[in-house]
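The structure under discussion appears below in the form of structure tokens.
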Amino acid sequence: MPKGTRQEIVNATINSSYIWNYCEVLTLTKNMRLLSGASDADIKEKRLFSDWVLAICDGKVGLINDVDICLQISPDSLIHSSGNHVQPIVDSTYPNLLDGMIDISYFKDKAILAPSNSIVDQINDYMLDMMSGEEKTYLS
């Protein structure tokens, strides 16, 4: 596909593959995490956020070019920082991290998503530096 966008090239490649006739497209229809043990207000808020994320994925929100999507994010979804950008993310996701580590269910419903492994390494290093005690490395 000469001078096609990245999306057009990938679409043309997959759709023209000889195995395409044997593929089945599956669509997820229920957000199981959304339904598990939350109040009606929480479910409504999570559903709105979930729909917003899906709209981004479907190209219904924001301006799309070959590389990225430009969109407006509501101020209540932003975590503001000054200087260290990792600290506010960790503090908002894992409040009272050092006290909560004792409880085995503390990490159960929490996760920080990152766009690259280098960002994951930065977050992991920051969190490990907060913890006291001797560091051990286990190889598997």
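Scanning the stretch 21-58 for residues that are of a type outside the set (Asp, Glu), loosely packed, with under 10 Cβ neighbours inside 10 Å, part of a helix (DSSP H, G or I) and more than 19 Å from the chain's Cα centre (by Cα) gives 21, 22, 41.
Of all residue pairs spaced 6 or more apart or on separate chains, those with beta-carbon atoms under 9 Å, a first member in the stretch 8-28 that is farther than 24 Å from residue 65 by Cβ and a second member that is part of a loop (DSSP other than H, G, I, E, B) and of a type outside the set (Ser, Thr, Tyr) are 17/23.
Scanning the stretch 101-113 for residues that are at pLDDT below 85 and farther than 26 Å from residue 53 by Cα gives 101, 102, 104.
Looking at the stretch 1-20, which of the residues that are outside any loop (DSSP other than H, G, I, E, B), polar (S, T, N, Q) and surrounded by 10 or more Cβ atoms within 10 Å (Cβ to Cβ) is nearest to the chain's Cα centre (by Cα)? This residue is 7. Scanning the stretch 115-140 for residues that are more than 13 Å from residue 84 (Cβ to Cβ) and touching a residue at least 24 places away in the same chain (Cβ under 8 Å) returns a single hit, 131.
Restricting attention to the stretch 66-91, and to residues there that are in a helix (DSSP H, G or I) and surrounded by 12 or more Cβ atoms within 10 Å (Cβ to Cβ), which single residue is nearest to the chain's Cα centre (by Cα)? Break it down stepwise before answering.
In the first step, residues of the stretch 66-91 are kept if they are in a helix (DSSP H, G or I); the result is 75-77, 86-91.
So of that shortlist, the ones also surrounded by 12 or more Cβ atoms within 10 Å (Cβ to Cβ) come out as 86-91.
Values: 86: 15, 87: 17, 88: 16, 89: 13, 90: 14, 91: 17 Å.
My answer is 89.
Considering every residue within the stretch 98-112, establish whether at least one is assigned to a loop (DSSP other than H, G, I, E, B), closer than 26 Å to residue 10 by Cβ, more than 19 Å from the chain's Cα centre (by Cα) and of a type in the set (Asp, Glu). Looking for residues that are assigned to a loop (DSSP other than H, G, I, E, B), closer than 26 Å to residue 10 by Cβ, more than 19 Å from the chain's Cα centre (by Cα) and of a type in the set (Asp, Glu), one finds none in the stretch 98-112, hence no.
The values are calculated or read from the model by the stated rules, or taken from the named source; none is laboratory data. Since this is a predicted model, take the numbers as computed values, not measurements. Glycine also receives a Cβ, built like all others from the backbone with ideal geometry; neighbour counts cover every protein chain displayed.
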